[in-house]
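The values are calculated or read from the model by the stated rules, or taken from the named source; none is laboratory data. All values reported here derive from a predicted model rather than from experimental measurement. When we count neighbours, we look across all protein chains shown, and the Cβ atoms used for this are built from the backbone with ideal geometry, even at glycine. The protein model used for the area step is the full one, side chains on, heavy atoms only, and it has no ligands, DNA or RNA in it. Shrake-Rupley method; radii C 1.70, N 1.55, O 1.52, S 1.80 Å.
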Amino acid sequence: MTSADVAAIVAELTAGETTLLDAKVEKIYQPDENEIRLNLFVRGQGRVNLIIESGKRLHMSRYLKESPKVAQSFPMLLRKYIMGARIISIEQHEFDRIVKIGLMRGGEESILIAELFSKGNIILTDKEGKIILPMKPVTFKERRIRSGEIYELPKNQINPMKTTIPEMKEILSASDRDAIRTLANQFNLGGLYSEEVFKRCDIDKTKPAAELTDGEIQIIYDTINEMLDPIRNSNFSPRLILKEKKEKGKSDSKENSENPNAALAEAGGAAAGGSAATAADDSNAAAAAADSNAAAAVVVESNAAAAAGNSTETEGSSAPVRVANGCDEKEQMHAVTTPDSAGTSTDSANTNASSADETGSAAADTGTQPETPEFVLPPNMEIADVVALDLAQYKDMPFIAFKTFSEALDEAFGKAALKVVETKKEEVKQDKKLGIYERRLKQQTDTIEKFDREIEKNTKIAESIYSNYAFVESILNVLNASRDKGYSWDEIKKIIENAKKENSNEAAKAILSIQPAEASVTVDLKEYKAVLDIRKTIPQNANVYYDQAKKFEKKKEGAIKALADTQAIIEKKEKEKKEDKSKGTEFVLKRKKHWYDRFKWFISSDGFLVVGGRDSDSNEEIFKKYMEKRDYVFHTQYPGAPLTVVKSEGKEVPENTLYEAATFAVSHSTLWKSGGASGDCYMIKGDQVSKTPETGEYVPKGSFIIRGERRYFEDVPLELAVGLEFKPETRAIGGPISAVTKNGSYVCEIVPGKFNQNDLSKKIYRAYTDLIKDQKFLKQIASPDLIAMVMPPGESDIRKGPEGVKQNPKIENE
């Protein structure tokens, strides 16, 4: 955004229907490194979003990036200080690209400062200007942007909206530059609006500023004020300027050399901290921003508006078509119009005004706003610029007009930024689908293609130098002769610029830029641009590009070799995969998260879930959260036994499941640690378990009161099993032998023994590695740690397995 753009958006956001004054800050987000979003509540409008991107833009937006799941420190601090605050002021600092947003909350005033120049920042200060927190702590030569420091504004320039004739005369007379550079740099107008001034007043922009007459200065002064009057009066003409799309690969060097803004490419640098912008900065930034948005635009047939019966056209007119986005107060309309012979254009959108009013009234009655239709670009058109004013230099270019400048900026910047984010997300998503070797193969293929392009480009540039031998030699001879005569590079540049204006020298037209430090020039050779060292001969300059092509050839050879290695690895993996599939050992990882995963559990041979606590805390949790009155509960008289619950789901539980639950409860008690062979347990219903003791008694954590009759299971054997389940999920399972055998494969029966839990789990894992070739899959579902999770406490030993039970199951990809 230029300084004039900032002035326009500030004026728009502080007056009329679009004002944000008295808006309440609801929430603050930071979706990007340099961008924050203020979610505001505005009376009469509801919730809206203000986007502030440091160094680039500030406007309302409907194209919102997804916020990160974990908020960064800057938005969190902003929420602490300004969430719930009301906006009391929005102002531009002295026609600079700095916006100050005054906020008030609970009688405390703070200021949010948005720096929209290059390397800008977003800073929160108190009312005295003390920095609370910057988005990016930085230190410049003349100022520090850090917490606790007093915020210092960049060096001031002249405000063209407040300057006087005597001030302008003094600055122009003291300048050693031409008129347009002085206006662009000293008066903070930038390249675009400086060009506009001279376009309107018809004064030679290349004339030295010090040689301007009083009459010419008066004309320039009046022209500046006339140009900026719409900003003072908030009477904007916001629009997107369009241009025809260029074919890819075509050189635009001729256009660049004739572009009036290119004359400012060598304008002076910015002040400390990046406040002031050169004319080239402004024009290039606008062009770059506009070009980046072309991809985000949606193309529509050029006769779309005509089909709606809204267009008028002057027969035989050769004037360019203007695409207007005529906006009623309630609804945004789109129409195509053409200028008549007098140079005026007919807007066709007004023919739908009454229907738009009716739509808006209906929406107002229901308390909702009609959805704004997305604008579309005509075929073969792209965005050239976004402006708030009707500029003479864009007089003959098509445009799309908007009701507000925010809407135009949002279509130029917001949509493109969102498109970039969505593209990156899609690339990441596609990248995640690839395996490590497929991803590497793609990167290597892209690299080889890049090397091919570089080889072709450098080779053709070298050939172009030889095919234009005489022309290139004449350029080098002239430049060398000028240097031998003592001309400085600045003097040579000026001579070349004058020759371009006179359109008298083809060699001057071909010189695009000069790099004094390298003693080189960039020359347009029609199809390609070549950088030539004036100290070298034609063959030497050509050899520079041939050598570059050779370097890329060598790099390409290495990349091709690496690509072949990657392809060999992929082929080997594919071969192993096919072999495994033919043997019926094609495993697919299928795993879900369950609430019972953190407890001891198994699925009975009849399909009932049985859960038990791992300690007193988890016993308490099962009792309080998951046990129901209709469930069956198992427990032993031995200490350390889990509260074992059979989830009945209101169904009749078979005797086999009850016996499996008894085995589970006994085997996970301290009896296993003591090396016993069998034990007793009892069963009750869920409604018999309570935490309410008799009077005078106390129930410790993990203990319960049992009331009513109990059913005992005597001499239950201490024996369990570990296995691998493949359907419906892939996981290691443990429990009674009958249950694990029914639901799993590769079953390993265990009994109390001499190996501790960790050692035995590793032993079982090693046995599985001999049976399952897909080691990666095995480790994901049955690593030693996962196996240990399903085993009983204490020392154990393998009684049988894991061979002979459902070997080599065929696992299908469901």
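Looking only at residues of segment 734-752 that are open to solvent by less than 10 Å² (accessible area, probe 1.4 Å) and hydrophobic (A, V, I, L, M, F, W, C), we find that the one that is nearest to residue 685 (Cα to Cα) is 739. Tell me yes or no: at least one residue of segment 669-682 is open to solvent by 20 Å² or more (accessible area, probe 1.4 Å), farther than 22 Å from residue 790 by Cβ and of a type outside the set (Lys, Arg). Yes: one or more hits. Every condition in (1) crowded, with 17+ Cβ neighbours inside 10 Å; (2) assigned to a helix (DSSP H, G or I); (3) out of contact with any Lys or Arg (no Cβ under 8 Å at 6 or more places or on another chain) is met by residue 802 except one, and the failing one is (2).
When each of 241, 165, 150 is tested for being over 30 Å from residue 78 (Cβ atoms) and within 34 Å of the chain's Cα centre (by Cα), the lone residue that passes is 241. Which of the residues spanning segment 206-247 are charged (D, E, K, R), in a loop (DSSP other than H, G, I, E, B) and closer than 22 Å to residue 385 by Cα? Residues satisfying the conditions are 245, 246, 247.
Test residue 114 against the criterion of being outside any strand (DSSP E or B), among the small types (Gly, Ala, Ser), touching a residue at least 40 places away in the same chain (Cβ under 8 Å) and out of contact with any Pro (no Cβ under 8 Å at 6 or more places or on another chain), and give yes or no. No, not satisfied.
For segment 426-439, a residue qualifies if it is modelled with pLDDT of 70 or more and assigned to a helix (DSSP H, G or I), and the qualifying residues are 426, 436, 437, 438, 439. Take the conditions surrounded by fewer than 13 Cβ atoms within 10 Å (Cβ to Cβ) and at pLDDT 90 or above and apply them to residue 548. Does it pass? Against the criterion (surrounded by fewer than 13 Cβ atoms within 10 Å (Cβ to Cβ) and at pLDDT 90 or above), residue 548 does not qualify. Entry remark, segment 586-645: residues being in a loop (DSSP other than H, G, I, E, B), farther than 30 Å from residue 773 by Cβ and among the aliphatic types (A, V, I, L, M) number 3 in total.
Summed over segment 21-55, residues that are at negative phi, more than 16 Å from the chain's Cα centre (by Cα) and open to solvent by 60 Å² or more (accessible area, probe 1.4 Å) total 7.
Taking each residue of segment 48-71 that is within 17 Å of residue 14 (Cβ to Cβ) and at pLDDT 90 or above and looking for partners that are among the acidic types (Asp, Glu) and open to solvent by less than 40 Å² (accessible area, probe 1.4 Å) with beta-carbon atoms closer than 6 Å, six or more apart or interchain, yields 59/410. Check segment 499-510 and report whether any residue there is acidic (Asp, Glu) and within 30 Å of residue 566 (Cα to Cα). No, there is no match, as no residue in segment 499-510 is acidic (Asp, Glu) and within 30 Å of residue 566 (Cα to Cα). Screening 715, 615 for residues that are in contact with a Ser or Thr (Cβ under 7 Å, 6 or more places away or on another chain), surrounded by fewer than 20 Cβ atoms within 10 Å (Cβ to Cβ) and acidic (Asp, Glu) leaves exactly one candidate, 715. I'd like the residue in segment 446-471 that is more than 19 Å from residue 556 (Cβ to Cβ) and touching a strand residue (DSSP E or B) at 6+ places or on another chain (Cβ under 7 Å) and, out of all such residues, is surrounded by the most Cβ atoms within 10 Å (Cβ to Cβ). Filtering segment 446-471 for residues that are more than 19 Å from residue 556 (Cβ to Cβ) and touching a strand residue (DSSP E or B) at 6+ places or on another chain (Cβ under 7 Å), the one surrounded by the most Cβ atoms within 10 Å (Cβ to Cβ) comes out as 465.
Scanning segment 368-385 for residues that are at pLDDT 75 or above and closer than 17 Å to residue 412 by Cβ yields a total of 6. Residue by residue through segment 150-170, note down the ones that are closer than 28 Å to residue 491 by Cα and without any contact (Cβ under 8 Å) to a residue 24 or more places away in the chain. If the condition is that a residue be closer than 28 Å to residue 491 by Cα and without any contact (Cβ under 8 Å) to a residue 24 or more places away in the chain, then 170 is the only one that fits.
Residues in segment 36-58 that are outside any loop (DSSP other than H, G, I, E, B) and out of contact with any strand residue (DSSP E or B) (no Cβ under 6 Å at 6 or more places or on another chain): 46, 57. Out of 107, 102, one residue alone is open to solvent by 20 Å² or more (accessible area, probe 1.4 Å) and either at pLDDT 90 or above or not β-branched (Val, Ile, Thr) (or both). It is 107.
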